[in-house]
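First up is the structure itself, then whatever we jot down about it.
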Amino acid sequence: MYKKDNNNDKLKWFVKNAGKGILCFLITLGILFALLFFACCIPKYKIRENLLESANYLLENEELFHQLKPGDRRTEIHNYADATTMNILYSVDGENLLWETVMSPFYSDKMNLEKSMTELLTERIRFEKPNDTLYDRYWHGMLMVLKPLFVLFTLQQIRWIFIGTLLVCMLVLTTLLVRQKQYLSTILLWLGALSVQVWMAGFCIEYFPVFLITFLCSVCMVLWEEKRERIIQLCIVSGVCVAFFDFLTTETLAFVIPMAIVYGIWRRKGTLKSFKEEVLYLLRAGCCWGMAYIGSYLVKWTLASAFYGEERFSAALSQLAGRQGNSVTNYAIDSLSGNGIPAEALQNAGGDVLPQFLSAVVINIRLLLGLSGKISLEKLALLLLVIGLIIAAVIYLFRKPGPVEVLSGILFLLGAIPMLRMMVLNNHSTEHCFFVYRSLYGTIICFSAGIIHLFDWEFLRRRRKKWG
C-alpha cells in the first residue's frame with residue numbers, strides 16, 4: 001500500500017511558495033527602481049524654478065525643525081530631512097544618471113555643520129554648487145514621486161496634495177470596511193488617526209509614504225482577503241515598498257494595521273483557525289515582510305558597492321548600530337522647542353531609573369498623550385502599569401466565558417510590534433520621538449480592538465437591564 005510522503009509534500013510546498021515570494025520581491029523592487037530611474041530622467045531645469053521657490057520658502061519662513069504649534073513636537077515638520085531629499089532630487093541629473101540614482105549625491109559644502117540643510121539646499125540650486133557627499137544608505141524612492149510633482153508644483157502645494165491623498169485613501173478604506181461590516185475597525189482607524197495627528201504626515205516628505213503604503217495595502221488586503229497566499233504576497237510587496245520609500249520611522253505601521261484589519265474580517269466570516277495556527281501564519285507573514293524589507297536594503301547596498309567600487313555595507317550598518325543602543329543623555333527631548341528645552345521639562349524629564357529601551361517606549365507614549373514636560377518618565381511608567389492592571393482586572397471580571405478569543409490574542413501580538421521596535425532601536429526612537437510616536441497608531445488600533453473583543457457584552461447588557 002502506498003504511503004504518502006508528508007515531508008516531501010512539505011518540501012515541495014516550501015520550494016513553490018519560496019519561489020513565488022522571491023519572484024514577487026524581485027518584480028516589485030525591479031518595477032520601483034525602473035520608475036525611480038525614469039522619474040530621475042526629468043531634467044533639473046524643469047523643476048528648478050519650483051524647487052528654488054520651495055527652498056527659499058523653507059529658509060525664510062520655517063525652522064529646520066519647524067513646529068506648527070510652538071512647543072508641541074507632535075506638530076513638528078522635519079525640514080532637515082526634507083531639505084536633504086530635495087537636495088538629492090536636484091543633484092540626480094547628469095550624464096551618469098544610473099550611478100547617481102543609486103549613489104544619491106548631494107551638496108553639503110563638505111559636511112559644513114555651520115550651515116543648515118535649508119541653506120545648503122538654497123545654495124545648491126541658486127549657485128549650482130557641485131555634489132560633494134553621497135547618501136546611498138537609503139533608496140530615496142520619494143524622488144520618483146517628487147520630481148514629476150515639482151515640474152508643476154511647489155513644496156507648499158505638494159504638502160496639500162499629500163494630505164488630500166491620505167484623506168482619499170482613508171475614505172476609500174472606510175467604505176470597504178463598512179461594506180465588510182467592520183464598524184469597530186473603521187471607528188478605531190479614524191480615532192487612531194486623530195490621536196497621532198495623521199495629517200502631519202502630509203507635511204513631511206520623509207514620513208508621508210509609510211502612511212500611504214499602509215492605507216493602500218489595507219485596501220488591497222480587504223479586497224483580496226479570501227486568499228491567504230495573496231495576503232503573504234502583499235506583505236512582501238509592502239516590505240519592499242516601505243524600504244524603498246521610507247527612512248527608519250513608522251515602518252511597522254505598514255504591516256501591523258493591514259494585518260489587524262484582515263484578521264478582523266476573517267473573524268466576522270468565521271475563517272479564523274486555532275490560535276496556534278494563526279500565530280504561525282502571522283509569524284510567516286511577518287518574516288516575509290521583514291525579509292522583503294531587509295532584502296531591499298541589502299540589494300541597495302550591493303548596488304552601491306558595485307557602483308562605488310568598494311563595499312558600502314560597513315557605513316550603513318554602523319549607522320544602524322548607533323540607532324540601537326547609543327546612549328541618549330536627555331530624556332526631555334520630547335519637549336524641544338525653538339528656544340531649547342524648557343526648564344519645567346528638564347525638571348520632569350526622568351529617565352534615570354528606567355533602562356533606555358523602556359524609556360524609549362515611555363517617552364513616545366508621553367508625547368502621544370501630550371504630557372511632555374508635565375510628568376517624568378518614571379511616574380508615567382508607574383501610571384501606565386497601574387492603568388494596565390486595572391484594565392486587566394476589569395477584563396477578568398467581565399470577560400467572555402471559555403478560552404481567550406483568537407482575534408484578541410493576535411491583536412495583542414500585533415500591537416506589541418511597534419513598541420518592540422522602539423525597544424530595539426531605542427536611540428533612534430528617543431531622538432526621533434516627534435515622529436516615531438506615530439507608529440503607536442497600530443498599537444492603539446490593535447490593543448483597543450483586542451480589549452473590546454474580550455468583553456462579554458451580552459452579560460453587561462443583561463446586568464444593565466436587571467439593574468434598570
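The values are calculated or read from the model by the stated rules, or taken from the named source; none is laboratory data. From a predicted model like this one, the values you see are computed outputs, not experimental measurements. Please note: Cβ atoms are built from the backbone with ideal geometry, for glycine as well, and neighbour counts cover all protein chains shown. What goes into the accessible areas is simple: the full protein's heavy atoms, side chains included, and nothing from ligands, DNA or RNA. Shrake-Rupley method; radii C 1.70, N 1.55, O 1.52, S 1.80 Å.
Listed values, structure above:
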| read-out | value |
| --- | --- |
| Residue within region 87-100 that is charged (D, E, K, R), part of a helix (DSSP H, G or I) and open to solvent by less than 20 Å² (accessible area, probe 1.4 Å) present | no |
| Odd one out for CYS24, checked against (1) within 28 Å of the chain's Cα centre (by Cα); (2) on the phi > 0 side of the Ramachandran plot | (2) |
| Boolean, ALA416 is hydrophobic (A, V, I, L, M, F, W, C), surrounded by fewer than 20 Cβ atoms within 10 Å (Cβ to Cβ) and at pLDDT below 95 | no |
| Test for LEU167: is it among the aliphatic types (A, V, I, L, M) and crowded, with 21+ Cβ neighbours inside 10 Å | no |
| Failed condition for LEU121, given (1) more than 24 Å from GLU60 (Cα to Cα); (2) open to solvent by less than 10 Å² (accessible area, probe 1.4 Å) | (1) |
| Extreme residue, farthest from LEU212 (Cα to Cα), among residues of region 420-466 that are at pLDDT 95 or above and hydroxyl-bearing (Ser, Thr, Tyr) | SER448 |
| The listed residue being in a helix (DSSP H, G or I) and more than 20 Å from the chain's Cα centre (by Cα), out of LEU298, LEU282, LEU303 | LEU303 |
| Wholly within region 376-464, helices (runs of 4 or more DSSP H) carrying at least 1 residues that are hydroxyl-bearing (Ser, Thr, Tyr), at negative phi and under 15 Å from the mean Cα position of the chain (by Cα) | 426-431, 440-454 |
| Residues within region 215-247 that are in contact with a helix residue (DSSP H, G or I) (Cβ under 6 Å, 6 or more places away or on another chain), closer than 23 Å to LEU35 by Cα and modelled with pLDDT under 95, tallied | 2 |
| From GLU251, GLU277, residue being over 18 Å from VAL219 (Cβ atoms), among the acidic types (Asp, Glu) and surrounded by fewer than 19 Cβ atoms within 10 Å (Cβ to Cβ) | GLU277 |
| Any hit, region 21-40, residues being at pLDDT below 75, surrounded by fewer than 12 Cβ atoms within 10 Å (Cβ to Cβ), among the hydrophobic types (A, V, I, L, M, F, W, C) and in a helix (DSSP H, G or I) | no |
| Test: residue in region 217-230 that is in a helix (DSSP H, G or I), open to solvent by less than 40 Å² (accessible area, probe 1.4 Å) and closer than 19 Å to PHE14 by Cβ | no |
| Leading residue by the ranking (nearest to the chain's Cα centre (by Cα)) among those in region 263-274 that are open to solvent by less than 50 Å² (accessible area, probe 1.4 Å) and more than 15 Å from GLU229 (Cα to Cα) | GLY264 |
| Matching option when the condition is assigned to a loop (DSSP other than H, G, I, E, B) and more than 28 Å from GLY94 (Cα to Cα), among LYS181, LYS110 | LYS181 |
| Filter result for ASP82 (exposed (fewer than 15 other Cβ atoms within 10 Å of the Cβ) and more than 25 Å from PHE307 (Cα to Cα)) | no |
| Odd one out for TRP139 among (1) under 26 Å from VAL436 (Cβ atoms); (2) of a type in the set (Phe, Trp, Tyr); (3) assigned to a helix (DSSP H, G or I) | (3) |
| Complete set of residues in region 101-115 that are of a type outside the set (S, T, N, Q) and either at pLDDT 95 or above or open to solvent by less than 20 Å² (accessible area, probe 1.4 Å) (or both) | VAL102, MET103, PRO105, PHE106, TYR107 |
| Test: residue in region 196-210 that is of a type in the set (Ser, Thr, Tyr), in contact (Cβ under 8 Å) with a residue 60 or more places away in the chain and open to solvent by less than 40 Å² (accessible area, probe 1.4 Å) | yes |
